[in-house]
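Written below as structure tokens is the structure these notes are about.
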Amino acid sequence: MPALEKTQYALAAHIRDPDGAAAPQGVEPRRLKIYSDLFYNNIEGFLSSGFPVLRSIFNEDAWHAMVRDFMRLHRCHTPYFLEIAQEFLLYLQQSREAVATDPAFMVELAHYEWVELALDIAEQDIQTIPVDPDGDLLQRLPLVSPLAWSLAYRYPVHKIGLSCQPSQAPAEMTYLVVYRNRQQDVGFMEANAVTARLLELLQQPEISSGQQLLLQLADEMQHPQPQLIVDSGLDTLQQLRSLDIVLGTLPLDKNH
């Protein structure tokens, strides 16, 4: 390996792990520390702003130890600062060795916070999607926004904070729909398993009217009165449309 390349590798390793990787020879320690601190502070700053709730429940030493561990162990696959949060999530999911003090809900909370950030910076513009915003939700095909993500967690991640840190997962799953509306605001809606299944059905390639999908849902539930599911499902679809989770409707001969 050429000398310059060796120095570059040594510099990168030292910046990631100043205590564990020797500094390259011939570089003034003061200059190295300035560069190392600048690099660390940038990464830590992006993580603190991208995961504010997760940051708030860790003490100073534990948080900075985790950031340093991320820098030391994880190999990022993108040079973009805005994607550091996604790389940190991958580190938590794949690379981090569990520490006794890690909250059981840590990975799910990080995923939820990453989703909020990912939707906030997504480049898609739902304003340009050709859809009838006032179309009949039963007789036509309701269109789910690409900026609406239906999620299921073991922990109530939207409630976690300094005063709410469950040590065990509740018996019931937490269902959320996180979305960005036409005003570019990111929000979330508490849902349930039925709404989550409805959104799943709406995004399948088969073309069906809202009413047909609700009847299919009633059949899956083996409900004795399918019309009740259609009626309550219409209310749900209207609520979803009011939040821009459902953008409107398409004719039945159109694809998603």
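The values are calculated or read from the model by the stated rules, or taken from the named source; none is laboratory data. On a predicted model such as this, the values are computed, not experimentally measured, just so you know. Don't worry about glycine lacking a Cβ; one is built from the backbone with ideal geometry, like all the others, and counts go over all protein chains shown.
Tabulated data for the structure shown
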| read-out | value |
| --- | --- |
| Residue that is modelled with the highest pLDDT, among those in the range 202-230 that are over 18 Å from Ala191 (Cβ atoms) and of a type in the set (Asp, Glu) | Asp219 |
| Residue in the range 129-147 that is out of contact with any Ser or Thr (no Cβ under 7 Å at 6 or more places or on another chain), acidic (Asp, Glu) and at pLDDT 95 or above present | yes |
| Ile207 among the β-branched types (Val, Ile, Thr), touching a residue at least 60 places away in the same chain (Cβ under 8 Å) and surrounded by fewer than 16 Cβ atoms within 10 Å (Cβ to Cβ) | yes |
| Yes/no for Arg30 being assigned to a helix (DSSP H, G or I), surrounded by 10 or more Cβ atoms within 10 Å (Cβ to Cβ) and charged (D, E, K, R) | no |
| Subset tally (residues that are surrounded by 15 or more Cβ atoms within 10 Å (Cβ to Cβ), free of Cβ contacts under 8 Å to residues at least 40 places away in the same chain and among the β-branched types (Val, Ile, Thr)) for the range 33-71 | 1 |
| So Arg241, is it within 28 Å of Asp132 (Cβ to Cβ), over 20 Å from the mean Cα position of the chain (by Cα), at pLDDT 95 or above and in a helix (DSSP H, G or I) | yes |
| Count of the range 95-139 residues which are of a type in the set (D, E, K, R) and touching a Phe, Trp or Tyr at 6+ places or on another chain (Cβ under 6 Å) | 2 |
| From the options Tyr175, Tyr179, residue that is in contact with a Gly (Cβ under 9 Å, 6 or more places away or on another chain), assigned to a strand (DSSP E or B) and either closer than 20 Å to Leu117 by Cβ or not aliphatic (A, V, I, L, M) (or both) | Tyr179 |
| Among the candidates Leu199, Leu214, residue that is touching a residue at least 60 places away in the same chain (Cβ under 8 Å), outside any loop (DSSP other than H, G, I, E, B), assigned by TED's automatic domain parsing to the domain that holds Gly135 and closer than 21 Å to Leu141 by Cβ | Leu214 |
| Whichever residue in the range 246-256 is out of contact with any helix residue (DSSP H, G or I) (no Cβ under 8 Å at 6 or more places or on another chain) and of a type in the set (A, V, I, L, M) and, among such residues, is modelled with the lowest pLDDT | Leu252 |
| Whichever residue in the range 9-27 is among the aliphatic types (A, V, I, L, M) and in a helix (DSSP H, G or I) and, among such residues, is surrounded by the fewest Cβ atoms within 10 Å (Cβ to Cβ) | Ala12 |
| In the range 159-172, the residues that are assigned to a loop (DSSP other than H, G, I, E, B) and either among the small types (Gly, Ala, Ser) or more than 17 Å from the chain's Cα centre (by Cα) (or both) | Leu162, Ser163, Gln165, Pro166, Ser167, Gln168, Ala169, Pro170, Ala171, Glu172 |
| Test result for Val194, in contact with a Lys or Arg (Cβ under 7 Å, 6 or more places away or on another chain) and either outside the structural domain of Pro146 (by TED's automatic domain parsing) or within 23 Å of Arg154 (Cα to Cα) (or both) | no |
| Residues that are closer than 17 Å to Glu44 by Cβ, among the acidic types (Asp, Glu) and either without any contact (Cβ under 8 Å) to a residue 12 or more places away in the chain or in a loop (DSSP other than H, G, I, E, B) (or both), drawn from the range 72-125 | Glu83 |
| Subset tally (residues that are assigned to a helix (DSSP H, G or I) and either surrounded by 13 or more Cβ atoms within 10 Å (Cβ to Cβ) or of a type in the set (Gly, Ala, Ser) (or both)) for the range 126-158 | 3 |
